[in-house]
Amino acid sequence: MLNPPRSSLGKEAYTDMEGYYELFDLPAGSVSISLMSSAANGSRNLAQKRIKLQKGQSVELNFGDEVGFTLSGVVRIGNKAIEKAQVEIYIPNKLTKWGYSDREGRFLISGIPEGTHTINTSYRLDFEPKTSKWGSEQWLRDGIRINVDRDVEIDIDFGDGSVSGEIPQRFMKRENFQIMAQRWAPKEPRDYILLPRNWEYEEYARIDSEGKFTLPNLRAGRYYLLLSSDRETLCITDLFELGESEHIDNMTFNIGKGALEINVVDADTSQGISSTSFSIRNDLEASFYSKKWVPEGQRGVMVTDDNGRAEYSALPDGNYVVGAIALGYLTGESEWVKVSDDEITPVTISLEPAAVVRFELDSELQKWITGEYIYLRCQVSNTKTGDILNSRREDAEHMVWLTPEDASIYRQPVLNLPEGQYQIEYRLYQDKKGGRLSYKTSPPLLEGTVNVELKKRETKLITVSE
């Protein structure tokens with residue numbers, strides 16, 4: 001049987017004895033056609049192709065000639081197989097290939113190109129196979145990353161373990177609680193400063209009016225829980241192991257009594273660096289945050305005072321590292337330090353001065369580029385060694401915001417680079433405020449390449465023009 005993803009057009013056809021089919025009255029535009037089996041143990045997505053149709057056009061679209069690898073596996077909740085779970089894989093040409101699991105929980109998706117792809121899986125709890133009716137409550141297992149260089153088989157477990165407990169009474173007057181479960185999932189080593197390496201988000205808790213919480217749908221594994229309000233990180237649990245289908249009650253949190261005295265300085269002069277963005281994480285890669293250190297008008301970015309100082313209190317006993325970012329400096333972080341209850345632990349972050357590259361639009365471009373978000377995606381390579389300088393998020397490209405300018409962690413208006421000679425390849429984009437950034441799906445407004453020689457503490461201005 002043939003039908004488009006999610007039956008969005010409501011068109012379907014069955015093949016005849018020789019494998020031929022016909023689909024009529026398809027709309028003009030981009031249309032996805034999927035080949036589905038109708039086996040006794042449930043339907044499977046065997047292949048999927050996308051075509052562009054002109055009004056009134058007739059085309060021949062054949063299946064069975066797909067090039068690539070297959071993704072197969074099983075979807076389950078603990079030991080129970082899930083039927084009718086939808087598995088989607090996102091591939092580089094922006095096509096989503098998808099399939100449903102059968103009665104044994106198995107699925108098969110073919111024609112997957114080599115590369116690293118993302119898998120999202122969804123399942124509605126009260127689907128009734130006999131009536132094919134769906135309920136409203138949905139489970140999701142998003143963001144599974146796989147590397148495809150051969151046929152791949154994976155196990156997708158929604159989990160049927162749980163953890164429950166009660167929020168500490170001293171926090172009950174706070175608003176907008178959130179309890180997040182983090183699960184151990186080691187990845188390849190990366191040079192991240194701000195993002196987790198080996199822990200992944202698993203589930204958010206359901207919290208009632210009395211502060212009692214439950215975290216359902218947990219897979220077996222190693223966990224910790226993090227309790228936050230809308231203003232700050234409050235406390236954290238000890239590490240714990242959760243077995244297959246295990247239920248843990250009366251989980252308790254560790255309330256922090258330690259503090260960090262943070263000092264961000266220039267590595268050459270030892271002078272404090274004013275208004276430096278900083279972040280704190282512990283050796284479990286849990287981030288600690290307080291709006292006390294967020295300047296008015298900024299979103300979610302902690303900033304030191306005019307002397308490069310900040311004191312962060314109410315930290316649980318443990319090991320911590322502080323990352324710092326400032327305009328005109330290379331990103332840096334402190335040594336790991338031990339924080340103990342009822343003690344203030346000093347920590348210093350020395351930032352190396354950088355060479356700064358600032359961009360501007362020429363007067364002609366300014367006349368017709370009117371987006372609320374105007375930004376550049378830049379790839380920077382050392383002209384002597386050929387090495388590419390990755391951004392702090394281990395992305396090969398750097399983001400430079402022309403408007404709105406914001407010195408926060410997430411919207412740097414400049415490139416801060418080590419002294420040296422570089423080739424900078426840039427692409428210019430514009431977007432509306434509140435919408436998704438389009439650089440992943442849309443062509444740039446223009447592209448360019450410049451070669452620059454940079455000296456420490458100097459600023460190089462590059463004018464972007466047609």
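Every number here is computed from the coordinates shown, using simple stated rules; none is lab data. Small disclaimer: the values here were computed from a predicted structure and weren't measured. Reconstructed Cβ throughout: ideal geometry from the backbone, glycine too, with neighbour counts over all protein chains shown.
Under 17 Å of direct C-alpha separation, and excluding same-chain neighbours fewer than eight residues apart, Lys456 reaches these aspartates and glutamates: Asp266, Asp268, Glu352, Glu419. Taking every alpha-carbon pair under 8 Å whose residues sit at least 6 apart, the stretch 161-255 reaches a relative contact order of 38 percent. Would you mind checking the stretch 52-81 for residues with the amide N under 15 Å from a putative spin-label position 7 Å along Cα→C-beta of Tyr20? Answer for this model: 59-63. The amide H of Ala85, built 1.01 Å from its N in the peptide plane, has Ser101 as neighbours under 5 Å, considering only residues 5 or more places off or on other chains. Bridgeable lysines around Lys292 (alpha carbons under 26 Å apart, same-chain partners fewer than 8 residues away excluded): Lys173, Lys257, Lys338. Each residue in Ile349, Ile156, Ile51, Ile91 was given a count of other beta-carbon atoms within 10 angstrom of its own, and listing them fewest first yields Ile51, Ile91, Ile156, Ile349.
Farthest toward the positive end of the dipole of the stretch 161-255, out of Asn250, Ser229, Pro186, is the Cα of Ser229, where the dipole comes from beta carbon charges about the Cα centre.
Paramagnetic label reach from Asn79 (point 7 Å along Cα→Cβ; backbone nitrogen cut-off under 15 Å): within the stretch 154-188, residues 159-161.
Checking the cross-link pairs Lys11/Lys84; Lys433/Lys455; Lys80/Lys212 against a 30 Å limit on the alpha carbon distance flags Lys433/Lys455 as lying beyond it. What is the spin-label model distance, in nm, from Asn147 to Thr345 if the labels are put 7 Å beyond Cα along the C-beta direction? Each label point is offset 7 Å from its Cα along the Cβ direction, giving 3.4 nm. When each of Tyr123, Tyr289 is scored by the number of other beta-carbon atoms lying within 10 Å, the sequence from fewest to most is Tyr289, Tyr123.
Working from the Cα coordinates of the chain, the gyration tensor eigenvalues give, after taking √(5λ), semi-axes of 44, 35, 18 Å in decreasing order.
Under the criterion of Cα pairs below 8 Å and six or more residues apart, the relative contact order for the chain equals 9 percent. Going from the residue with the fewest nearby Cβ atoms within 10 Å to the one with the most, His117, His398, His247 rank His247, His117, His398.
Given a Förster distance of 51 Å, report the FRET efficiency between Ser209 and Arg358 from their Cβ-Cβ distance, rounded to the nearest 0.05. The pair Ser209/Arg358 has a calculated efficiency of 0.50. Applying 1/(1 + (r/R0)^6) with r as the Cβ-Cβ distance of Gln366 and Arg436 and R0 = 22 angstrom yields a FRET efficiency of 0.35. With the simple spin-label model, which puts each label point 7 Å out from Cα in the Cβ direction, the Glu12 to Asp306 separation comes to 7.0 nm.
Bridging of Lys440 to lysines at a Cα separation below 26 Å is possible for Lys49, Lys52, Lys94, Lys97, Lys187, Lys367, Lys432, once same-chain residues fewer than 8 apart are set aside. Extension gain, Ser465 to Asp268, is 67.3 nm, computed as 0.36 nm per intervening residue step minus the present C-alpha separation.
In this structure the amide hydrogen of Tyr329, modeled in the peptide plane, comes within under 5 Å of the amide hydrogens of Ala354, none closer than 5 places in sequence on its chain. In the stretch 355-464, a dipole from Cβ-located charges (positive for Lys and Arg, negative for Asp and Glu) runs towards its positive end, and of Ser391, Ala355, Gln421 it is Ser391 whose Cα lies farthest in that direction. For the stretch 355-464, relative contact order (Cα pairs under 8 Å, six or more residues apart, normalised by length) works out to 38 percent.
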